[in-house]
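The values are calculated or read from the model by the stated rules, or taken from the named source; none is laboratory data. Because the structure is predicted, anything quoted here is derived from the model rather than measured. As a convention, Cβ positions derive from the backbone with ideal geometry for all residues, glycine included, and neighbour counts pool all protein chains shown. Side chains included, ligands, DNA and RNA excluded: accessible areas come from the protein's heavy atoms. Shrake-Rupley method; radii C 1.70, N 1.55, O 1.52, S 1.80 Å.
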Amino acid sequence: MAVSADTRQRWAWITGIRGVLMVIAGIYAVIAPAAALTVLVIVGGALLIVDGVLGLWSLTFGGAKTGNFWFDVIRNALALLLGILIIVSPMIATLLTATLLIYFFAFQAIIVGVMEIVVVVRERESYARIWPVVLSGVLYILFGLAILFWPVIGALTMVVVGGILAIIFGVALLGLAWRMYQRGKEAPAAPAA
C-alpha cells in the first residue's frame, strides 16, 4: 500500500514538532538545570500517580489478572503513594532521586576505571601501548570521585549534558522532518477513489 503525499507531510510535521520540543527542552535544561531536574522529577511523580491509579482500576474493574493479585495491589498502591509524595514535596524528591542516581553513576565510574586499569595491566602484552587505557581508567576514577564528593554539581552537570544531547537529537529530528516533508512534496498524489 502506497503512502499518500498528505500522510507523508503530516508525519513530517509531527516529527518536526517533536524536534522543536526536544530543542526547547534541551535549551531549558542547559539554561536552568536545577529547574529542569525538578520538572523531570515532578513529571515522573505524575506518571507514577497515573500508573498506580490505572493499575488499581484495572485490577478492580478492568479484569486484569496476572495470577498474583496482592503483589499487583501492593505494587500499584506503592506507585500511587510514591507519586503523591513526589508531588507533595518535589524538592526533597528531586534531591533524593538525583543523589541516588549520582551515587550510582559515581560508583559505576570508579568500578569501570579500576577494572580498566586491572585488565590492561594483566593483559599488557596484548597492547602496543597501555598508557591510553590506564589514563582512561584514572580519568574514570577521578570522575567518579568528583561526583561522589559533589553530587549536586554532578546531577546538574548530567542534566546539562542531557540537555545538550536533547538539542542535538532535536536538530536531527528537524532535519529528518525536512527530508520527509520534501519527499512528501515529490511523491505523486494518491489517486482519487
May I ask you to verify whether Ile153 is out of contact with any strand residue (DSSP E or B) (no Cβ under 6 Å at 6 or more places or on another chain), assigned to a helix (DSSP H, G or I), open to solvent by 60 Å² or more (accessible area, probe 1.4 Å) and free of Cβ contacts under 8 Å to residues at least 12 places away in the same chain? yes
How do the helices (runs of 4 or more DSSP H) wholly within region 1-102 filter down when requiring 3 or more residues that are among the acidic types (Asp, Glu): which remain? none
Quick one: in region 32-43, which of the residues that are of a type in the set (Val, Ile, Thr) and touching a residue at least 40 places away in the same chain (Cβ under 8 Å) is most open to solvent (accessible area, probe 1.4 Å)? Ile42
Exclusive hit being within 26 Å of Ala34 (Cα to Cα) and either open to solvent by less than 100 Å² (accessible area, probe 1.4 Å) or within 22 Å of the chain's Cα centre (by Cα) (or both), set Leu165, Leu174: Leu165
Being within 30 Å of Thr15 (Cβ to Cβ), without any contact (Cβ under 8 Å) to a residue 60 or more places away in the chain and part of a helix (DSSP H, G or I) is the requirement here; does Val161 meet it? yes
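I'd like to know if region 73-85 contains one or more residues that are within 23 Å of Val152 (Cβ to Cβ) and open to solvent by less than 70 Å² (accessible area, probe 1.4 Å).
No: zero hits.
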Pairs please, first residue from region 101-130 and free of Cβ contacts under 8 Å to residues at least 12 places away in the same chain, second anywhere and open to solvent by 90 Å² or more (accessible area, probe 1.4 Å), Cβ atoms under 8 Å, 6+ apart in sequence or on different chains. Ile130/Arg124
Can you find even one residue in region 121-131 that is among the small types (Gly, Ala, Ser) and either modelled with pLDDT of 85 or more or under 30 Å from Ala5 (Cα atoms) (or both)? no
Somewhere in region 107-122, is a residue open to solvent by 60 Å² or more (accessible area, probe 1.4 Å) and polar (S, T, N, Q)? yes
Any pair with Cβ under 6 angstrom, 6 or more apart, that starts in region 172-183 at a residue that is touching a residue at least 60 places away in the same chain (Cβ under 8 Å) and over 17 Å from Asp6 (Cα atoms) and ends at one that is open to solvent by 50 Å² or more (accessible area, probe 1.4 Å) and of a type outside the set (A, V, I, L, M, F, W, C): Leu173/Arg18
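Yes or no, residue by residue, for (1) under 18 Å from Val160 (Cα atoms); (2) small (Gly, Ala, Ser); (3) modelled with pLDDT of 85 or more:
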residue: Ala32; (1), (2), (3): yes, yes, yes
residue: Val41; (1), (2), (3): yes, no, no
residue: Leu59; (1), (2), (3): no, no, no
residue: Gly63; (1), (2), (3): no, yes, no
residue: Asn68; (1), (2), (3): no, no, no
residue: Arg75; (1), (2), (3): no, no, yes
residue: Ala79; (1), (2), (3): no, yes, yes
residue: Ile102; (1), (2), (3): yes, no, no
